[in-house]
Amino acid sequence: MKILYVLPYVPWPVKVNAFNLIPRLARRHEIHLVSVSNQDPSAEQAEWIGSHCETAVHVNHGKWQSVIGCALALPTRTPLRLAYCRSRRARAAVKNVCMNVRPDVVCVERWRALEFVPRDLRVPLVTYPIDSMTLYNRRMKEAGAWWEKVLGSEEHWKFSRYEGELARRGDVTVFCSRMDLECVRKQAPDAHYQLLPNGVDCESFFFKEEREEEPGTMVFAGSFRYRPNCHAVEYFLDEIFPLIRREVPQARFRAVGNGAGKALARHRGKAGFEIIDFVPDLRPYLAKAQVTVAPLTIGSGVSNKLGEGFAVGTPVVATPLACGDLPVKSGEEMLIAENARDFAEHVVKLLKDPRLRRQMAVRARQLVESKYDWEVVSTKMECVMGELVEGMRGTKSEHLFATA
């Protein structure tokens, strides 16, 4: 197949879905890429793109264009997240690539990237929002900071009336969890949906040896440009970590990820806490920890940090929200906590019991290998695309775009 990937960013390790799917799909198919962002690809990013994509076009979409787009959308029913990405240049780029390449299928990751796709496109279209923005903003308005509650209320109202229309634009819409899928299905029961879980590169996140661990160490790994991660660590530091330190005074906690230094500046210097900003390889930090924590209280989908902890062999303690609809049972593959006290008790239990840590780690690794390795996930995505193309082959028009 000729696959046109449309992304609202330049693919890179922190954008795990495209970064892992594109190379695997490229083994058997032609990948053509249109990316849109406010920064051009770096030399390293350009080299990565060139090694996996037959053609690539990047459109620079300036921040002022985005701000103006949002201002114009305020009195309308269009969500600000979509208005932020409206770009005539990007739509023209997608149209030109379609005319030159004549792709068999177009895959659009994230709802906002649909703003780059001409509405009259007749090529089979896979929309891959990953998460439901209705669900995300509902949780944001309930548990965010005051300004997040204001913005979340605005966006929730708009997405709850708009997300179904977005789902109908695609020939198939792919979500990472059934909870997110069902949220959108209520708006658009007639649209076509598929489930595709978030994956883990089990080869890169290989199972650790016990000698790699540092006693009493916990870790949270993720991008701190994603607000739910900031909330999760704030919650852990304010309400959970002090309880753990009472029982395990030597306990240490690391927050690792892009933007951590700025997002967590007020906690710098706190006893037992270490901030580590962007690192090219998360595995060493996961392997050093005896417990991975995922205390998310807002957000949607399924947290990638669970799968990475599972793969490396570092037991996970998480909130129910972080788990989404993962087929896990508390006490088997991981421990799940409803409140701060239970969360702290679970962490302390794991820190003090190496046998339990090992048993849980082995079960979790088996789960992620069988269902969530990117090799498994990419095969499912390939099937979604292939079945769509095959199903529409007999009705495919010679015209790539609707004609008057």
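Give just the number: which of (1) in the same structural domain as Asn96 (by TED's automatic domain parsing); (2) in contact (Cβ under 8 Å) with a residue 24 or more places away in the chain does Thr319 not satisfy?
(1) is the only condition that Thr319 fails.
Looking at (1) free of Cβ contacts under 8 Å to residues at least 40 places away in the same chain; (2) buried (at least 18 other Cβ atoms within 10 Å of the Cβ); (3) part of a helix (DSSP H, G or I), can you tell me which one Cys98 breaks?
The single condition Cys98 does not satisfy is (1).
Out of the residues in region 203-227 that are crowded, with 22+ Cβ neighbours inside 10 Å and touching a residue at least 60 places away in the same chain (Cβ under 8 Å), state the one that is farthest from the chain's Cα centre (by Cα).
Result: Met218.
Here's a check for you: in region 312-330, which residue that is modelled with pLDDT under 95 and in a loop (DSSP other than H, G, I, E, B) is farthest from Ser132 (Cα to Cα)?
Ranking the qualifying residues of region 312-330, first place goes to Lys329.
Could you tell me which of the residues Asp104, Asp120 is among the acidic types (Asp, Glu) and buried (at least 21 other Cβ atoms within 10 Å of the Cβ)?
Asp104
Could you check Arg246 against (1) in a helix (DSSP H, G or I); (2) more than 21 Å from the chain's Cα centre (by Cα); (3) within 27 Å of Gly301 (Cβ to Cβ) and say which number it fails?
Evaluating Arg246 over (1) in a helix (DSSP H, G or I); (2) more than 21 Å from the chain's Cα centre (by Cα); (3) within 27 Å of Gly301 (Cβ to Cβ) leaves (3) as the failure.
Does Cys70 satisfy the condition of being modelled with pLDDT under 95, under 25 Å from Thr134 (Cβ atoms) and assigned to a helix (DSSP H, G or I)?
yes
Any idea which residue in region 228-243 is nearest to Leu350 (Cα to Cα), counting only those that are aromatic (Phe, Trp, Tyr) and under 25 Å from the mean Cα position of the chain (by Cα)?
Among those residues, the one meeting the criterion is Phe236.
Identify all residues within region 271-311 that are touching a residue at least 24 places away in the same chain (Cβ under 8 Å), in a strand (DSSP E or B) and surrounded by fewer than 21 Cβ atoms within 10 Å (Cβ to Cβ); write none if there are none.
Correct list: Phe273 only.
Residues in region 62-83: is at least one among the β-branched types (Val, Ile, Thr) and under 18 Å from Leu166 (Cα atoms)?
yes
Return yes or no: is Glu148 out of contact with any Ser or Thr (no Cβ under 9 Å at 6 or more places or on another chain) and within 14 Å of Leu82 (Cα to Cα)?
So Glu148 fails the test.
Yes or no: region 255-266 includes at least one residue that is assigned to a loop (DSSP other than H, G, I, E, B), touching a helix residue (DSSP H, G or I) at 6+ places or on another chain (Cβ under 9 Å), at negative phi and not charged (D, E, K, R).
Yes, because at least one residue in region 255-266 is assigned to a loop (DSSP other than H, G, I, E, B), touching a helix residue (DSSP H, G or I) at 6+ places or on another chain (Cβ under 9 Å), at negative phi and not charged (D, E, K, R).
Can you name every residue in region 150-202 that is of a type in the set (Phe, Trp, Tyr), surrounded by 20 or more Cβ atoms within 10 Å (Cβ to Cβ) and in a helix (DSSP H, G or I)?
If the condition is that a residue be of a type in the set (Phe, Trp, Tyr), surrounded by 20 or more Cβ atoms within 10 Å (Cβ to Cβ) and in a helix (DSSP H, G or I), then Phe159 is the only one that fits.
Among the residues of region 20-30, is any part of a helix (DSSP H, G or I), among the β-branched types (Val, Ile, Thr) and either closer than 27 Å to Asn198 by Cβ or under 22 Å from the mean Cα position of the chain (by Cα) (or both)? First the steps, then the outcome.
If we filter region 20-30 for residues that are part of a helix (DSSP H, G or I), which is where we start, we get 20-25.
In the following step, the residues that additionally are among the β-branched types (Val, Ile, Thr) were identified as 22.
From the residues that got through so far, the ones that are either closer than 27 Å to Asn198 by Cβ or under 22 Å from the mean Cα position of the chain (by Cα) (or both) too are 22.
Checking region 20-30: at least one residue is part of a helix (DSSP H, G or I), among the β-branched types (Val, Ile, Thr) and either closer than 27 Å to Asn198 by Cβ or under 22 Å from the mean Cα position of the chain (by Cα) (or both).
The values are calculated or read from the model by the stated rules, or taken from the named source; none is laboratory data. All of these numbers come straight from a predicted model, not from anything done at the bench. For neighbour counting, all protein chains shown are included, and Cβ atoms are generated from backbone atoms with ideal geometry for every residue, glycine included.
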